[in-house]
Amino acid sequence: MDFNFIKPEPTPWTWKQAWPNLLAPPVCVACETILPSGETTLFCRLCLSFINSTGWRKVCLGCGARFPGELTVIQDCAYCQSWPRRFASVTSLSNYEGLVQDLVIRMKNRNGEITSLQMGKLLAQHLSKNATEGLIKQIDWVTPIPTHWHRRLRRGFNVSELLVESVCQVPVWKGKSKKLLATQRKTGKQGTLSISQRFQNVKKCFKISGKTDLQGATILLIDDVMTSGATALQALQLLKNAGANAVHLGIIARGIGRQTAKVRIRKDVSEGANVAG
Ligand SMILES: [Zn+2]
Ligand SMILES: [Zn+2]
């Protein structure tokens with residue numbers, strides 16, 4: 001797999017495109033620096049370089065966790081090798097740390113729409129640049145992890161839906177956005193629970209939404225953060241039970257910090273693994 005990191009792509013400059021920017025120049029979503037015209041995302045080059053976290057280049061295809069080391073892809077790691085079910089692939093923008101952690105927190109707050117859409121744009125670039133041929137061409141549906149209406153009402157939007165909106169701007173995935181899952185009960189916040197409590201907390205929290213035939217379908221599931229994997233694995237099981245052939249997962253950030261102490265790090269990922277967060 002050819003694994004590239006995101007680079008800003010300059011676009012041709014015209015007066016017609018530029019004059020609104022003279023009145024209200026675009027600023028970086030993360031640091032509010034005024035951006036030069038022609039950037040395709042609302043991030044400055046410095047923030048993009050932090051988001052890329054290029055020192056962490058060994059990526060687990062099984063769960064999206066990143067480790068220091070050479071640019072390589074491994075099939076599973078200490079964090080996901082015991083999972084009962086497998087995604088066809090997991091693509092993450094970064095581990096849940098540093099600037100990405102700050103941006104994800106901002107995405108989840110009121111007025112987080114712009115940040116969510118822009119982070120979705122980066123995820124879309126990442127998915128389309130790094131994806132296997134199967135992921136690019138064979139996706140039937142791109143679907144978000146749903147949020148309970150109560151939480152949605154409080155926040156005003158569902159972060160995962162905004163990410164899907166951005167991902168489906170990629171030409172090959174245009175028109176493939178579909179809400180295949182819905183919540184059927186409210187769950188407690190995952191952040192305060194132990195790993196086993198998190199799996200218990202999300203048990204049967206989703207149901208299949210609508211009457212789309214999922215028999216043999218290839219699905220790209222989108223979420224903002226995955227930590228224990230409990231929520232995403234719950235969605236995976238439902239989609240598989242409904243007949244899906246393969247489910248890929250795209251996430252902004254992979255949280256592994258708090259699990260580290262409980263997981264025996266396997267030799268191939270042990271060098272300098274993230275034990276801090
Ligand atoms: Zn910036
Ligand atoms: Zn893994």
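The values are calculated or read from the model by the stated rules, or taken from the named source; none is laboratory data. Everything quoted here is computed from the prediction, not taken from an experiment. Positions of Cβ are backbone-derived with ideal geometry, glycine not excepted, and every protein chain shown enters the neighbour counts.
Tallying residues that are assigned to a loop (DSSP other than H, G, I, E, B), in contact with a Ser or Thr (Cβ under 8 Å, 6 or more places away or on another chain) and at pLDDT below 90 within the range 51-77 yields 1. Got at least one residue in the range 35-50 being in contact with a Gly (Cβ under 7 Å, 6 or more places away or on another chain) and at pLDDT below 90? Checked the range 35-50: at least one residue is in contact with a Gly (Cβ under 7 Å, 6 or more places away or on another chain) and at pLDDT below 90. Where residues in the range 6-34 are part of a loop (DSSP other than H, G, I, E, B) and at pLDDT 85 or above, which of them is surrounded by the fewest Cβ atoms within 10 Å (Cβ to Cβ)? So the residue we want is Glu32. Per this entry, Lys129 is counted among residues that are part of a helix (DSSP H, G or I) and more than 26 Å from Lys204 (Cα to Cα). Are any of the residues in the range 52-73 exposed (fewer than 15 other Cβ atoms within 10 Å of the Cβ) and within 13 Å of ligand 1 (Cβ to nearest atom)? No, that holds for no residue. Looking at the range 185-202 only, could you name the residues that are touching a residue at least 12 places away in the same chain (Cβ under 8 Å) and either β-branched (Val, Ile, Thr) or surrounded by 13 or more Cβ atoms within 10 Å (Cβ to Cβ) (or both)? Scanning the range 185-202 gives Thr187, Gln190, Ile195, Arg198, Phe199, Asn201, Val202.
Filtered by the rule that a residue be in a loop (DSSP other than H, G, I, E, B) and either β-branched (Val, Ile, Thr) or under 27 Å from Ala217 (Cα atoms) (or both), the range 149-175 gives Asn158, Cys168, Gln169, Val170, Lys174, Gly175.
Going by what's in this entry, would Arg45 be described as surrounded by fewer than 18 Cβ atoms within 10 Å (Cβ to Cβ) and away from ligand 1 (no atom under 16 Å from the Cβ)? Spell out the reasoning first.
Details: surrounded by fewer than 18 Cβ atoms within 10 Å (Cβ to Cβ): yes; away from ligand 1 (no atom under 16 Å from the Cβ): no.
In short, no.
Within the range 57-68, residues that are on the phi > 0 side of the Ramachandran plot reach partners that are within 6 Å of ligand 2 (Cβ to nearest atom) and assigned to a loop (DSSP other than H, G, I, E, B) with beta carbons closer than 9 Å, at six or more positions or on different chains, in the pairs Gly64/Cys80. When the range 221-234 is filtered for residues that are out of contact with any helix residue (DSSP H, G or I) (no Cβ under 7 Å at 6 or more places or on another chain) and either free of Cβ contacts under 8 Å to residues at least 40 places away in the same chain or buried (at least 24 other Cβ atoms within 10 Å of the Cβ) (or both), the ones remaining, listed by number, are Gly229, Ala232, Gln234.
Of the residues that sit in the range 78-105 and are assigned to a helix (DSSP H, G or I) and either within 15 Å of the chain's Cα centre (by Cα) or among the hydrophobic types (A, V, I, L, M, F, W, C) (or both), which one is nearest to ligand 1 (Cβ to nearest atom)? Among residues in the range 78-105 that are assigned to a helix (DSSP H, G or I) and either within 15 Å of the chain's Cα centre (by Cα) or among the hydrophobic types (A, V, I, L, M, F, W, C) (or both), the one nearest to ligand 1 (Cβ to nearest atom) is Leu99.
Those residues that are within 13 Å of ligand 1 (Cβ to nearest atom) and of a type outside the set (Val, Ile, Thr), I need them from the range 28-42; list them, please.
If the condition is that a residue be within 13 Å of ligand 1 (Cβ to nearest atom) and of a type outside the set (Val, Ile, Thr), then Cys28, Ala30, Cys31, Glu32, Leu35, Pro36, Glu39, Leu42 are the ones that fit.
The set of residues in the range 133-150 that are of a type outside the set (A, V, I, L, M, F, W, C) and loosely packed, with under 15 Cβ neighbours inside 10 Å comprises Glu133, Gly134, Lys137, His150.
Of the residues making up the range 242-265, one or more are at pLDDT 95 or above and loosely packed, with under 15 Cβ neighbours inside 10 Å. Would you confirm whether or not the range 133-142 contains a residue that is at pLDDT 90 or above, assigned to a loop (DSSP other than H, G, I, E, B), over 12 Å from the mean Cα position of the chain (by Cα) and under 30 Å from Ala217 (Cα atoms)? Yes, that holds for at least one residue. Taking first residues from the range 69-94 that are farther than 22 Å from Leu238 by Cα and partners that are within 16 Å of ligand 1 (Cβ to nearest atom) and modelled with pLDDT of 90 or more, the Cβ contacts under 7 Å between residues at least 6 apart in sequence or on separate chains come to Leu93/Val100; Leu93/Leu122; Ser94/Val100. Residues in the range 170-184 that are hydrophobic (A, V, I, L, M, F, W, C) and surrounded by 13 or more Cβ atoms within 10 Å (Cβ to Cβ): Val170, Trp173, Leu180, Leu181, Ala182.
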